[in-house]
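The values are calculated or read from the model by the stated rules, or taken from the named source; none is laboratory data. Since the model is a prediction, treat every value here as computed from it, not as a measurement. Note: ideal-geometry Cβ built from the backbone for every residue, glycine included; neighbour counts use all protein chains shown.
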Amino acid sequence: MTARDKKVLKRSALSEISVVADILRHWDPINIQPGAVGPTDEYDSYAPHIVSMVKGGCTIEQLAAHLDHLCVEKMGLGTRSNASWVHNLEFAALIVSKLHGASSLSSGPLFPPPLSRAERLKTLSSQLIADVTLYPSESGGHEIRPGWGCPCVLSMSQPTVGYDGWPLLGDNPMSAGEHRRVGFVFLSGEEAAAAFRKAGRFFLWEGRCIGEAVVVAP
């Protein structure tokens with residue numbers, strides 16, 4: 001291999017690492033908004049190994065499992081949930097497509113229009129079902145829309161134990177004062193669902209309690 005060939009290979013490798021690093025900034029599992037709020041290079045150190053995995057022939061599922069491992073083991077985000085797994089699969093597919101030069105993406109923008117959170121939630125199965133009551137506006141409640149989520153806490157007076165959760169509203173907003181039976185998914189997955197099933201009730205927290213949920217089914 002000539003010195004020129006080595007330079008070409010090095011340039012290609014650096015370009016692939018740069019592509020992956022840019023995708024990881026949009027992946028952003030801890031929501032620090034690299035380059036806007038958090039450091040631009042927050043996830044860059046993960047890119048070289050990801051390039052090696054893809055070049056070594058890993059599948060989309062294997063790469064998603066690696067992203068999941070980074071979330072759980074490196075970032076301490078807790079056990080995998082349906083929502084985080086779908087998120088990791090989407091970005092694993094994008095990375096593999098870009099590094100393989102898939103024809104469906106190679107001539108288009110780096111990031112095709114992503115699913116909104118509301119659209120992504122519609123693809124998930126509920127981890128428990130609860131009867132939700134939003135408090136009237138005069139009691140601190142407010143309308144919630146598809147895609148909305150909040151910390152779900154066990155105690156109204158001491159909201160120190162809680163889990164990030166999302167009600168599965170479909171396409172229909174829920175108004176202040178409304179009562180509705182809905183499914184929930186949680187960032188911590190079964191850990192959160194089990195805690196709320198045991199308690200039988202939990203509260204929706206946004207600096208104050210805006211509503212409550214009574215568990216009716218696993």
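Things worth noting here:
- Criterion violated by Gly207 - all others in (1) part of a loop (DSSP other than H, G, I, E, B); (2) in contact with a strand residue (DSSP E or B) (Cβ under 8 Å, 6 or more places away or on another chain); (3) modelled with pLDDT of 85 or more satisfied: (2)
- Enumeration of residues in segment 65-79 that are within 12 Å of the chain's Cα centre (by Cα) and assigned to a helix (DSSP H, G or I): Leu67, Asp68, Cys71
Residues are listed down the side, and each one gets a yes or a no for (1) basic (Lys, Arg); (2) touching a Cys at 6+ places or on another chain (Cβ under 6 Å); (3) closer than 30 Å to His69 by Cβ:
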{"residue": "Asp131", "(1), (2), (3)": "no, no, no"}
{"residue": "Glu138", "(1), (2), (3)": "no, no, no"}
{"residue": "Asp164", "(1), (2), (3)": "no, no, yes"}
{"residue": "Phe196", "(1), (2), (3)": "no, no, yes"}
{"residue": "Glu206", "(1), (2), (3)": "no, yes, no"}
{"residue": "Gly211", "(1), (2), (3)": "no, no, no"}
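- Restricted to strands (runs of 3 or more DSSP E) entirely inside segment 117-196, no element has at least 1 residues that are surrounded by fewer than 17 Cβ atoms within 10 Å (Cβ to Cβ) and without any contact (Cβ under 8 Å) to a residue 40 or more places away in the chain.
- So Val54, is it crowded, with 18+ Cβ neighbours inside 10 Å and either under 22 Å from the mean Cα position of the chain (by Cα) or of a type outside the set (Gly, Ala, Ser) (or both): yes
- Residue count for segment 202-213 under the criterion of being touching a residue at least 40 places away in the same chain (Cβ under 8 Å) and either surrounded by fewer than 15 Cβ atoms within 10 Å (Cβ to Cβ) or under 14 Å from Val161 (Cα atoms) (or both): the result is 7.
- Within segment 29-51, the set of residues being under 19 Å from Arg117 (Cβ atoms), out of contact with any helix residue (DSSP H, G or I) (no Cβ under 6 Å at 6 or more places or on another chain) and either of a type in the set (S, T, N, Q) or crowded, with 17+ Cβ neighbours inside 10 Å (or both) comprises Asn31, Gln33.
- Residues of segment 74-98 classified as of a type outside the set (Phe, Trp, Tyr) and modelled with pLDDT of 85 or more, total: 10
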